[in-house]
1. Place +1 on the Cβ of every Lys and Arg and -1 on the Cβ of every Asp and Glu in region 88-225, take the dipole about the Cα centre, and give the residue among Trp160, Val144, Leu130 whose Cα lies farthest towards its positive end.
2. From the phi of every residue in region 55-71, what ³J(HN,Hα) in whole Hz does the Karplus formula 6.51 cos²θ - 1.76 cosθ + 1.60 yield, where θ is phi - 60° and glycine or proline is x?
3. Mind telling me which of Gly138, Gly24, Gly49 comes out most flexible in a GNM of the chain, alpha-carbon contacts under 10 Å?
4. Restricting to Cα pairs below 8 Å that are 6+ residues apart, what does the relative contact order work out to for region 15-151? Please round to a whole percent.
5. Helix-only estimate, please: 222 nm mean residue ellipticity of the chain, summing -39500 (n - 2.57) across DSSP H runs of length 4 or more and dividing by its residues, to the nearest 500.
6. Gaussian network model of the chain, Cα springs within a sub-10 Å range: biggest mean-square fluctuation belongs to which of Leu115, Leu88, Leu195?
7. Given Cβ point charges of +1 (Lys, Arg) and -1 (Asp, Glu) and nothing else, what value in debye, to the nearest 20, does the dipole of the chain about its Cα centre take?
8. If amide hydrogens are placed 1.01 Å from N in the peptide plane, which non-local residues have theirs closer than 5 Å to the one on Ser215?
Amino acid sequence: MPTTAHKTSLPWPQIKTVLLDMDGTLLDLNFDNVFFLNTVPQAYAKKSGLGFDAAKELVLSTYQKVAGTLAWYDLDHWSRELGMDIPLLKMEVAHLIQLHPHVLDFLQLLKKRALPTHLVTNAHSRSIDLKMARTPIGRYLETVISSHDLGYAKEQPGFWSALEEKIPFNPETTLLVDDSEPVLAAAKNYGIKYLRHISAPSSKSENKPSKDFISIAGFSEVMLEMD
């Protein structure tokens, strides 16, 4: 009888395109969590004269109004909405930008195998620029596609059809790795066949496997399948 590992392993010879998320997938989500849950509320508290708890409650409620839309990921939107220079504020905690373990090994292996590898992210261009400047991932990617370039968040069906117009890929032979279950669900509905969920997007949070998608804690698991 086949083992679970065998049943859930990726058929690498059939995969012709690899799509990778950035925040929480290649990069430790701890940076974004600290920034949006602590740095921004602290700065807003100082700006507004509110206490930290009151400022955090207000900022989080403001976030929730646009959750799942492009505005949620738009740094310029938040600069206008909160009256602060959000990209500049990110520099205060930029030292927290870190790769997840084994990411470079995985990217190098994909490059060695000449598998077309694309970054598909909801991140704003200014956030992408900051993270590309502080990590070496850019040299292993054929293209970097932001949802802001396509006009749809990855959770929205329109993103995937717009993506297929931007880069050549066959959903039947494509792998997407992402830490967002709504994004994976949208990709599945579009027909992307091979999906993997990152169950530990932040180094500071517990491992939470998905109930709906095959989860991996890190890229060492899929690298073992490539041997």
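Read-outs: derived from the displayed coordinates by stated rules, not from any lab. Computed from a predicted model, the values in this text were never measured in an experiment. Cβ coordinates were reconstructed from backbone atoms using ideal geometry, including for glycine residues, and neighbour counts include every protein chain displayed.
1. Working it through, the farthest residue towards the positive pole turns out to be Leu130.
2. 5, 5, 4, 5, 5, 5, 5, 5, 4, 5, 4, 10, 4, x, 10, 4, 4
3. Among Gly138, Gly24, Gly49, the largest GNM mean-square fluctuation belongs to Gly49.
4. Here the relative contact order equals 33 percent.
5. On the way: 12 runs with 96 residues, N = 227.
About -11500 deg cm²/dmol.
6. Evaluated over the chain, the most mobile residue of the options is Leu88.
7. Numbers: 23 positive and 27 negative charges, 42 e Å.
Dipole about the Cα centre, nearest 20: 200 debye.
8. Here His197, Ser210 satisfy the definition.
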